[in-house]
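As structure tokens, the structure follows; a few thoughts come after it.
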Amino acid sequence: MKNIAVAGFGFMGMTHTLNILKNKELKLKAIIDPDLHLLEKNLNAETGNFSTGNISPEELAELNKYSSLDECLESEDLDAVHLCVHTNLHYDLTRKALLKDKHVLLEKPFCLDIDKGQELIELAEKRGKVLMIGHVLRFMSPYVQLKKWIESEEFGKLRFLSMHRYSGIPTWGQWIDKNISTSSGGALFDLVIHDIDFASWVLGQPSVIKCNYLPGKMSNHDYVSAMWNYDGSNVNVKIEGGNTFHGKFSFQAGYMAQFEKASVHYTSLKGDTIQVSDEKSIKEISAGDPGTSYYNEIDYFAGCMKNGNRPELCLPGSSLDTIKLCYRHIME
Ligand SMILES: NC(=O)c1ccc[n+]([C@@H]2O[C@H](COP(=O)([O-])OP(=O)(O)OC[C@H]3O[C@@H](n4cnc5c(N)ncnc54)[C@H](O)[C@@H]3O)[C@@H](O)[C@H]2O)c1
């Protein structure tokens, strides 16, 4: 078993803690959060824009707790850290962990500063450590299924892919701190990045991006509507999303993919099915269990550590390319 600690016990920290506790390859040794006094309170609070389950106070009581990563790295015999802190801390904490020869699973977005992201990739390589960024759609069943259809051409070639993701403005945890929320890069880098990452992972970097965007409370691009085109291909991609909606607006994400022989549609509002339509019929097929995506992600990371493999399904270089691609939406 590999010893791991979770840094940042907010929405994502709790989500990942739950999944680490389920994993037989991982031993959760500690959690790190400067707001230790809030931990018990956080357990009962509604946090995040969708439900990911609950940790019991008994499970929490068994874990060692630290208020800083430094303290934890000094005291615990760790193989890895899972960093679930806000974007403004991604570089510093990843660097600290790698310098102490720990494998790192870091929440998205990687690093908004491209040079610093590159430095972390090189540091991980030099130290021989797994560095993976948590782009969870790569591990989410309805999206994994879509990738398979695109690659297998079961419904013919893909012609048009439309992906969307809407959320209310985050109101939990540290998101209410203006400095934290604005340093996230706004919805483009924090929310819409999920779809930008997935589409470019499967289809490659677009040749041309036409993007309209609107300001919100976090940035000038808290709503994004973009069309991508590829030279030498008929595929068009639409990416739309944002967090300019009211706090209680139901989180929703999904896709519509138009293939030569069928149209497929998925929405998280009806998370367990994908609709496949052609000229003659509409079928509802199982979307698998999208709720297991965070487990799949951590399980894949655990497997890479165990077998000494690079995280080929989600290499940090590809996550840095995704950040560069996000910038193209507001620069082209
Ligand atoms: N993959 C996803 O689906 C998804 C969803 C939401 C958020 N995220 C990402 O997760 C990250 C955190 O978001 P969140 O919604 O969980 O935030 P949050 O505000 O709920 O939690 C952040 C936690 O980090 C703690 N923290 C602050 N400084 C720290 C430090 N130096 N060391 C350790 N802990 C520290 C805070 O006290 C807080 O408990 C962000 O990068 C966000 O983009 C990913």
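Relative to the longest principal axis of the Cα atoms of the chain, the long axis of helix 316-331 makes an angle of roughly 60 degrees.
For the chain, the relative contact order comes to 19 percent (Cα pairs under 8 Å, sequence separation of at least 6).
When Lys and Arg each count +1 and Asp and Glu each count -1, what net charge do the other residues less than 12 Å away from residue 252, Cβ to Cβ, add up to? Mind showing how you got there, number by number?
Numbers: positive: 165, 270; negative: 240.
Around residue 252, the charge tally is +1.
Output the relative contact order of the stretch 107-255, whole-number percent, from Cα pairs under 8 angstrom with separation of 6+ residues. List each step's numbers first, then the result.
Numbers: 228 pairs, mean separation 42.4, N = 149.
Contact order relative to length: 28 percent.
For the pair the stretch 183-260 and the stretch 61-130, the centres of their Cα atoms are 28 angstrom apart.
Note that the stretch 241-332, at 37 °C in a medium of 0.692 mPa s, gets a Stokes-Einstein diffusion coefficient of 195 µm²/s from its Kirkwood radius over C-alpha pairs.
The calculated P(r) of the stretch 176-332, using every Cα pair and 10 Å bins from 0, goes 9, 30, 36, 22, 3, 0 in percent.
GNM on the chain, alpha-carbon springs under 10 angstrom: the most fluctuating residue among 250, 152, 141 is 152.
With the cut-off at 1.5 for a/c, could you classify the stretch 82-128 from its C-alpha gyration tensor as rounded, prolate or oblate?
Values: a/c = 2.01, a/b = 1.24, b/c = 1.61.
It is oblate, given that a/c is not under 1.5 and a/b is not larger than b/c.
Can you give the direction-averaged projected area of the convex hull of the alpha-carbon atoms in the stretch 127-212, in nm²? Mind showing how you got there, number by number?
Numbers: hull surface 35.8 nm².
Average of the hull's projected areas for the stretch 127-212 equals 9.0 nm².
When DSSP beta bridges are limited to those with both residues in the chain, what percentage is antiparallel, rounded to the nearest 5? Display every interim value, and only then the final one.
Values: 35 of 65 bridges.
Just about 55 percent of them are antiparallel.
When the Gaussian network model of the chain links Cα atoms closer than 10 Å, the mean-square fluctuations of 317, 134, 241 top out at 317. Springs between Cα atoms under 10 Å define the GNM used for the chain, and in it the highest mean-square fluctuation of 25, 297, 154 occurs at 154. Amide H contacts for residue 79 (H built 1.01 Å from N in the peptide plane; partners 5 or more residues away or on another chain; cut-off under 5 Å): 3, 4.
For residue 204, neighbours were defined as the other residues whose beta-carbon sits under 12 Å from its Cβ, and their charges (Lys and Arg +1, Asp and Glu -1) total -2. For the chain, the Cα-based Rg and Dmax, in that order, read 19.7, 64 Å. What is the helix-to-structure angle for 193-203, meaning the angle in degrees between its Cα long axis and the longest Cα principal axis of the chain, kept from 0 to 90 and rounded to the nearest 10? Helix 193-203 sits roughly 60 degrees off the main axis of the chain.
FYI, it's all coordinate maths here, none of it is from the lab. Computed from a predicted model, the values in this text were never measured in an experiment. Counting neighbours? That spans all protein chains shown, and the Cβs are built from the backbone with ideal geometry, glycine included.
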